[in-house]
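All remarks here apply to the structure that follows.
The values are calculated or read from the model by the stated rules, or taken from the named source; none is laboratory data. Since the model is a prediction, treat every value here as computed from it, not as a measurement. Here the Cβ positions follow ideal geometry from the backbone for every residue, glycine too, while neighbour counts run over all protein chains shown. Areas reflect the complete protein model, heavy atoms only, side chains present, ligands, DNA and RNA absent. Shrake-Rupley method; radii C 1.70, N 1.55, O 1.52, S 1.80 Å.
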Number of protein chains: 2
Amino acid sequence: MMVISNLLRLEADWVIIDMHDFGLKEGPEHDNAIAVYWGLKACRNEPGAVLRFPQGTYHFRPEKATERFLYITNHDQGGTRRIAFPIAGFEGLTIDGQGSAFIFHGPMIPFLVEGSKGVTLKNVTVDWERPMFDQGTVAAVGDDWFDIRLRDGVEHEFRDNRLFFRFGGRMEPVWGLHDIDPATMAHAYGSGDRISWSSFARLSMEQAAPGVARVTGPIRHMPKEGHLIAMRFGRRENPGVFLKDSEDIRIERVTVHHAPGMGLVAQRCADIALERFDVKLRERSGRVVTATADAVHFTNCRGAIVIEHCLFENQLDDPCNVHGIYSGIVERLSDRTVLVRYLESMTIGIGVAEPGDTMRFVRRESLLGYAEGVVDDVSPINGTFVAVTFKEPLPDTIGEGDVLENATWNADLTVRHCTVRANRARGFLITTPGKVLLESNTISAPGAGIKISGDANSWYESGAVRDVTIRGNVFLDCNTCPDWGRAVIDIDPEIEEPERFDCYHRNIRIEDNTFRTFDTGLVYGRSVDGFTFRRNTIERPRHYPARGTQKHAIELTAARNVDIADNVCADGPGTALVGTDEYPIGGGKR
Amino acid sequence: MMVISNLLRLEADWVIIDMHDFGLKEGPEHDNAIAVYWGLKACRNEPGAVLRFPQGTYHFRPEKATERFLYITNHDQGGTRRIAFPIAGFEGLTIDGQGSAFIFHGPMIPFLVEGSKGVTLKNVTVDWERPMFDQGTVAAVGDDWFDIRLRDGVEHEFRDNRLFFRFGGRMEPVWGLHDIDPATMAHAYGSGDRISWSSFARLSMEQAAPGVARVTGPIRHMPKEGHLIAMRFGRRENPGVFLKDSEDIRIERVTVHHAPGMGLVAQRCADIALERFDVKLRERSGRVVTATADAVHFTNCRGAIVIEHCLFENQLDDPCNVHGIYSGIVERLSDRTVLVRYLESMTIGIGVAEPGDTMRFVRRESLLGYAEGVVDDVSPINGTFVAVTFKEPLPDTIGEGDVLENATWNADLTVRHCTVRANRARGFLITTPGKVLLESNTISAPGAGIKISGDANSWYESGAVRDVTIRGNVFLDCNTCPDWGRAVIDIDPEIEEPERFDCYHRNIRIEDNTFRTFDTGLVYGRSVDGFTFRRNTIERPRHYPARGTQKHAIELTAARNVDIADNVCADGPGTALVGTDEYPIGGGKR
């Protein structure tokens, strides 16, 4: 079965390698990890090879899958991962599922693309037989408790006031609950994270009756009877697709129904195209969650990120985040070398720079750069520390607590004809100085629909924007939940006193969009030089009570060169659309 | 401080690189991990460099130490390690401590030598500020309990019937107790592992009074009042020296006072010389334990292992083990490829073979090879599985459960003028077909002084011996503890019915030794072709009551070509030295 019997040269000089030749088998009793291993090996010396799957349903288990130690941006770190498709060091490779379903079991990464160029994944759906969440229905609600009816027959265990479900070989404790409104299949109005994370940690889950979990304790949000509850467990370790140190990657007609991590995550890659890459619920699965984290996430990438005709729904974090990272200057080791520390535990080890990159020296207080340097040598010491040597002597003015950002690895971003909905948290998180176009998308998020931030204090996500166009999109009800945003579009770099400094962000144009949303706030902005809000249509459906986080539709602080004009407001009674005192909506600068 | 100001060419063309130039600092407040990083970097392009430390006491912490994911033979697996001296890819390097003391903190490996050739470590002592064990004194003994007085002021915690001590950043639960007789500083007579491992798991440790732990439960061995108790905690992850995929390594005048793992471990290395490499108690430290596992351990090595003038004492496992591994044949993937599984969790991922190696196909029942093959390609899949492709078609007779051993990577072993004593478990464990000489050593172990085994069922340690000479050694009281051996020299391959098969071991000569030991059994042997026991002197001190595991001094089963003659027995009254029925001691074959 290792003989490659089926090499067909096409006109285009592509080598078609048929997975059938490597012992591929359908059915849950067959693990295809070894078959893929040989299939990829056969492609190794055939640039431009297409590894083709006969259409079918194929299962993959971690036991005999390839193992790698990996630092994956914005995932929980530690240990090795098992990988079904270890695409490392390839130049020119297409994986064509021809409409197949790939079903994974337990902790593993379906696709890793590392150190490769010209890789295409297409025509496949990704799912887990047993996803890394479970769900139940609110069966009863009391003053200070509620009951969740678990799925019939689901393996579970109550222990030490915790509820455990199986994932892979282990029973994992639930560490968060999410209240899903069955009418919208989205987070219930007002719910958010108020029964998850640290708020969950103070609650107890005990068996009220067989198959029924009772939640007690200081419940910050009480779900309604009949609502669905998504129950989170496990660590965020295994994305559906992980792209690393690669370029020219295309993902096309690939659907991720579930991933125990993000749908797709890329770090230090150049030129990525997603076309009909969907993170979506499997039809008739009854499930309320897709990926357990972001749909797509890009850290320290460059070139063009193009996302078109994608649907991102019901994942347990933001649909899209594009950012760099700020790393901390710990110590000057010589006149040209600094010891640098990764500041966020979820982005350790991903690579701060390579020789030839330009790094910007940034003050943490203002997030503004005060010097730049070209990297001569990089010495990774461990996941947390790296020594960076510059070609020229370091600036004299380096201060303790200053941070570095990579000025070379910044991507352009185009998102067109995409729909994001029903996920946890925010919509598009954009922190990149590249050219950004969000056009013709439909966006509804329980928090801000678009967030343009940047901070060197909490998530250490870098990338002041320079050129953002948000055009022709439809924003549906955003900010239905607390804590995830102030307005539909949040421009909120974490600078404590923005008035003291030059603006962080620049040139944000919001034009020709439709805002169809129940709340007052359309835009919150601070530290922006060049803000245009033109020809937008605002409608006020009454789907939810207004949350009133903002008094005004547009609230700007430390902003310059503002242009707000020609907006149309189809306003309902009692929810007046108003601008800030300085910038009334619908008109030019006062 | 990164400038190499001090390069002196000697006659021998060695480049002396002085660690002083890289920010090296004495004192526990200074971590020298980064300094060593730069020091090694400076040696990188200087084959034959000597990295020299001014004599002093230097501390190393894991925080800024180099990180690597490693599979280390016979250690607990999983996760990355921090390494103070990451000597990887060097050709010609000497680390000269010039008598310095290196003090380590928490979980880290002092020395890793990987993929290198011609590396010498010398003139340094290795210790931990806080070792990965603690110790106390038996303060009181009852019928079914005993109390341990902890060291004054030691940080500890009682929780859930367990006692916790700190190692690195974590509080670790004690998982084993060892009864140390202060008169000998060795395991007390009859103690062994009977209050450790699984026997410990059934015991409770609770606070009897401040600083006093009370042990209760089914106590299988009751220590005496005034005895010392070594308390084990933590995982076996970090050896003092780890040699991997390297050749021509010399360790000279290096003392390991402690390691949270083995003293030195080597896998797939060729030609290793240890000269005055001591694993020994630090004087006046009061400690009862050195390394928490074997003193030195060699897996799948080849060339010559030469160990001379070394002292291995008080470590918590065998002083020396030289072996190969049996790996399991899981599945025939093609006519030339098998999927192979590592069978012992502590030896996963270490590398079963490389192209060009000869592998032997072995039946598990007899441990005898039935075919050999030369490796064409090796594809590691993960820590547990590897695909091995042979140059020629596989033998037709491969059966399920058959195992493979590497016939190329087998070392010769010379041990001369060494002393081993007061450790846990056995003495020298020898399973290698290479030429073995143990000469002029002083050996006392609480189990067998020498064990020549081999098994494909429990530890999967391979290597039937072909040529072993045990000459001119002094064996002092061995087998003072239960469970660790039948006689002073145990030859016990795990073959259930050795009579059914050809002999596993061959040519073991035991000549001109002195056995000064209280118990009857001198040699237990099975499945040996060629056994000589000549000109040995046997003395019977009465230090302990005889254990009587053997009725006869020499007991042999399934042995051929036996020569027992000219032995001198200075026997004490009441402890008759007798041979087996077949082979009486002192005379030739009957």
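Can you pull out every residue in segment B:49-63 that is outside any strand (DSSP E or B) and open to solvent by less than 20 Å² (accessible area, probe 1.4 Å)?
Correct list: B:Phe53, B:Gly56.
Residue count for segment B:395-437, restricted to those that are at pLDDT 95 or above and over 16 Å from the mean Cα position of the chain (by Cα): 17. Restricting attention to segment B:57-67, does a residue exist that is over 30 Å from B:Val352 (Cα atoms) and among the hydrophobic types (A, V, I, L, M, F, W, C)? Yes, there is a match, as at least one residue in segment B:57-67 is over 30 Å from B:Val352 (Cα atoms) and among the hydrophobic types (A, V, I, L, M, F, W, C). Go through segment A:275-291 residue by residue and tally those that are open to solvent by 10 Å² or more (accessible area, probe 1.4 Å) and part of a loop (DSSP other than H, G, I, E, B). Here the count works out to 8.
Take segment A:198-214 and flag every residue that is out of contact with any Ser or Thr (no Cβ under 9 Å at 6 or more places or on another chain) and open to solvent by 60 Å² or more (accessible area, probe 1.4 Å). Matches in segment A:198-214: A:Ser198, A:Ala201, A:Arg202, A:Gln207, A:Pro210. Taking the criterion of being more than 13 Å from B:Ile489 (Cβ to Cβ) and part of a strand (DSSP E or B), the residues of segment B:515-527 that qualify are B:Arg516, B:Ser527.
Among the residues examined, B:Phe200 does not qualify as assigned to a strand (DSSP E or B) and either within 30 Å of B:Ile307 (Cβ to Cβ) or not assigned by TED's automatic domain parsing to the domain that holds B:Thr347 (or both).
Against the test of being within 14 Å of chain A (Cβ to nearest Cβ), touching a helix residue (DSSP H, G or I) at 6+ places or on another chain (Cβ under 9 Å) and among the aromatic types (Phe, Trp, Tyr), the options B:Phe390, B:Phe385 yield a single qualifying residue, B:Phe385.
For segment B:412-440, the set of residues classified as in contact with a Ser or Thr (Cβ under 9 Å, 6 or more places away or on another chain), of a type in the set (Gly, Ala, Ser) and farther than 20 Å from B:Asp492 by Cα consists of B:Ala422 only. Scanning segment B:324-334 finds one or more residues that are within 14 Å of chain A (Cβ to nearest Cβ), open to solvent by less than 30 Å² (accessible area, probe 1.4 Å) and part of a strand (DSSP E or B). Might you let me know whether segment A:242-252 holds any residue that is in the same structural domain as A:Phe111 (by TED's automatic domain parsing) and touching a His at 6+ places or on another chain (Cβ under 9 Å)? The answer is yes; a qualifying residue exists. Of A:Ile508, A:Ile489, all but one fail to be free of Cβ contacts under 8 Å to residues at least 60 places away in the same chain, open to solvent by less than 60 Å² (accessible area, probe 1.4 Å) and farther than 25 Å from A:Arg360 by Cα; the exception is A:Ile489. For segment A:139-164, the set of residues classified as among the small types (Gly, Ala, Ser) and surrounded by 13 or more Cβ atoms within 10 Å (Cβ to Cβ) consists of A:Ala139, A:Ala140, listed by residue number. List pairs: first residue in segment B:55-69 and at the interface with another protein chain (Cβ under 7 Å from one of its Cβ atoms), second residue of a type in the set (D, E, K, R) and open to solvent by 30 Å² or more (accessible area, probe 1.4 Å) anywhere in the structure, Cβ distance under 9 angstrom, at least six positions apart or on different chains. Between residues of segment B:55-69 that are at the interface with another protein chain (Cβ under 7 Å from one of its Cβ atoms) and residues that are of a type in the set (D, E, K, R) and open to solvent by 30 Å² or more (accessible area, probe 1.4 Å), the close pairs are B:Lys64/B:Asp31; B:Lys64/B:Arg82; B:Ala65/B:Asp31; B:Ala65/B:Arg82; B:Thr66/B:Arg82; B:Glu67/B:Arg82; B:Phe69/A:Arg68.
Restricting attention to segment B:120-164, report how many residues are part of a strand (DSSP E or B) and not hydroxyl-bearing (Ser, Thr, Tyr).
28
Residues in segment A:165-197 that are open to solvent by less than 10 Å² (accessible area, probe 1.4 Å), in a strand (DSSP E or B) and in contact with a Gly (Cβ under 8 Å, 6 or more places away or on another chain): A:Ser196 only. Within segment B:64-94, being under 13 Å from B:Tyr37 (Cα atoms) and either in a loop (DSSP other than H, G, I, E, B) or among the hydrophobic types (A, V, I, L, M, F, W, C) (or both) holds for B:Lys64, B:Ala65, B:Ile83, B:Ala84, B:Phe85, B:Ile87, B:Ala88. Only one of the numbered conditions (1) part of a loop (DSSP other than H, G, I, E, B); (2) open to solvent by 10 Å² or more (accessible area, probe 1.4 Å); (3) not assigned by TED's automatic domain parsing to the domain that holds A:Thr384 is violated by A:Asp318, and that is (2). Scan segment B:547-571 for residues that are out of contact with any helix residue (DSSP H, G or I) (no Cβ under 6 Å at 6 or more places or on another chain), outside any loop (DSSP other than H, G, I, E, B) and buried (at least 19 other Cβ atoms within 10 Å of the Cβ) and the total you get is 6.
Taking the criterion of being open to solvent by 10 Å² or more (accessible area, probe 1.4 Å) and within 18 Å of the chain's Cα centre (by Cα), the residues of segment A:459-482 that qualify are A:Trp459, A:Tyr460, A:Glu461. Of B:Glu252, B:Glu225, all but one fail to be outside any strand (DSSP E or B) and of a type outside the set (Phe, Trp, Tyr); the exception is B:Glu225.
Checking each residue in segment B:78-92 for being within 10 Å of another protein chain (Cβ to nearest Cβ) and open to solvent by 30 Å² or more (accessible area, probe 1.4 Å) picks out B:Gly78, B:Thr80, B:Arg82. Can A:Phe85 be described as closer than 30 Å to A:Phe233 by Cβ and aromatic (Phe, Trp, Tyr)? So A:Phe85 fits the description; yes.
Need at least 1 residues that are open to solvent by 30 Å² or more (accessible area, probe 1.4 Å), touching a residue at least 24 places away in the same chain (Cβ under 8 Å) and under 18 Å from A:Ser462 (Cα atoms) per element, so show me which strands (runs of 3 or more DSSP E) inside segment A:343-450 make the cut, counting only ones lying wholly within it.
Here the list reads A:358-362, A:369-380, A:411-416, A:435-439.
Just one of B:Glu114, B:Glu206, B:Glu129 is closer than 30 Å to B:Arg268 by Cα and modelled with pLDDT of 95 or more; which is it? Of the residues listed, the single one that is closer than 30 Å to B:Arg268 by Cα and modelled with pLDDT of 95 or more is B:Glu114. Is it the case that segment A:7-16 has a residue that's open to solvent by less than 30 Å² (accessible area, probe 1.4 Å) and either in contact (Cβ under 8 Å) with a residue 60 or more places away in the chain or within 13 Å of chain B (Cβ to nearest Cβ) (or both)? No: segment A:7-16 contains no residue that is open to solvent by less than 30 Å² (accessible area, probe 1.4 Å) and either in contact (Cβ under 8 Å) with a residue 60 or more places away in the chain or within 13 Å of chain B (Cβ to nearest Cβ) (or both). One residue stands out in segment A:12-71 among those that are farther than 30 Å from A:Gly349 by Cβ and of a type in the set (Asp, Glu): the one that is modelled with the lowest pLDDT, namely A:Asp13.
Going by the structure shown, is B:Cys503 outside any strand (DSSP E or B), in contact with a Ser or Thr (Cβ under 7 Å, 6 or more places away or on another chain), assigned by TED's automatic domain parsing to the domain that holds B:Ser453 and surrounded by 23 or more Cβ atoms within 10 Å (Cβ to Cβ)? No; evaluated as a whole, the condition is false for this residue.
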